[in-house]
1. Expressed as a rounded percentage, what relative contact order does segment 67-134 have, with Cα pairs under 8 Å and six or more residues apart?
2. Take the Cβ-Cβ distance between residue 110 and residue 87 as r, set R0 to 30 Å, and report the resulting FRET efficiency rounded to the nearest 0.05.
3. From the list [x] 0.93; [y] 1.48; [z] 1.02, can you say which value of Rg/Rh (Cα atoms, Kirkwood Rh) was derived from the structure given?
4. For the pair residue 80/residue 48, report the inter-label distance in nm, with labels modelled 7 Å from Cα in the Cβ direction.
5. Round to the nearest 0.05 the FRET efficiency obtained for residue 35 and residue 122 when R0 = 35 Å and r is the Cβ-Cβ distance.
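Please treat every number below as a calculation from the coordinates, not as lab data. Bear in mind that the values here come from a model prediction, so they are computed numbers and not experimental data. Using ideal geometry, Cβ is built from the backbone for each residue, glycine included, and neighbour counts are taken over all protein chains shown.
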């Protein structure tokens with residue numbers, strides 16, 4: 001790019017939303033950006049561009065901060081995704097005042113809870129079996145990545 005520097009590409013991971021309030025949220029999973037310091041921002045689908053196919057996601061932590069305290073002139077962080085790559089800069093910059101990232105371990109635990117719930121709801125597992133199996137799986141995965 002400029003001065004022979006390569007552009008940094010920011011990628012996101014996806015997982016199912018725990019809220020299926022609208023048809024769009026069930027089609028578009030939650031986007032998660034992991035910071036290098038063990039924290040994450042999660043982003044919920046907002047809209048899709050008809051012109052170029054970009055997906056727009058709003059920061060969940062910004063939405064929560066805005067609900068607690070309204071700050072004039074401040075806006076919620078929105079990321080623009082194209083082929084699962086963030087195309088509008090660093091997703092850690094430009095958040096709403098009071099927006100705090102969440103611990104990656106917390107996001108991982110919530111993802112496992114959702115998986116257990118889905119197994120129980122689909123009739124593939126009992127509540128006790130789902131809890132035991134996914135807790136063991138989560139513990140093993142956390143040890144592997146050092147969480």
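1. Numbers: 34 pairs, mean separation 13.9, N = 68.
Relative CO of segment 67-134 lands at 20 percent.
2. On the way: r = 27 Å, r/R0 = 0.90.
E(calc), rounded to 0.05, equals 0.65.
3. Working out Rg/Rh (Cα atoms, Kirkwood Rh) from the coordinates points to [z].
4. 1.8
5. Numbers: r = 33 Å, r/R0 = 0.96.
Calculated value: 0.55.
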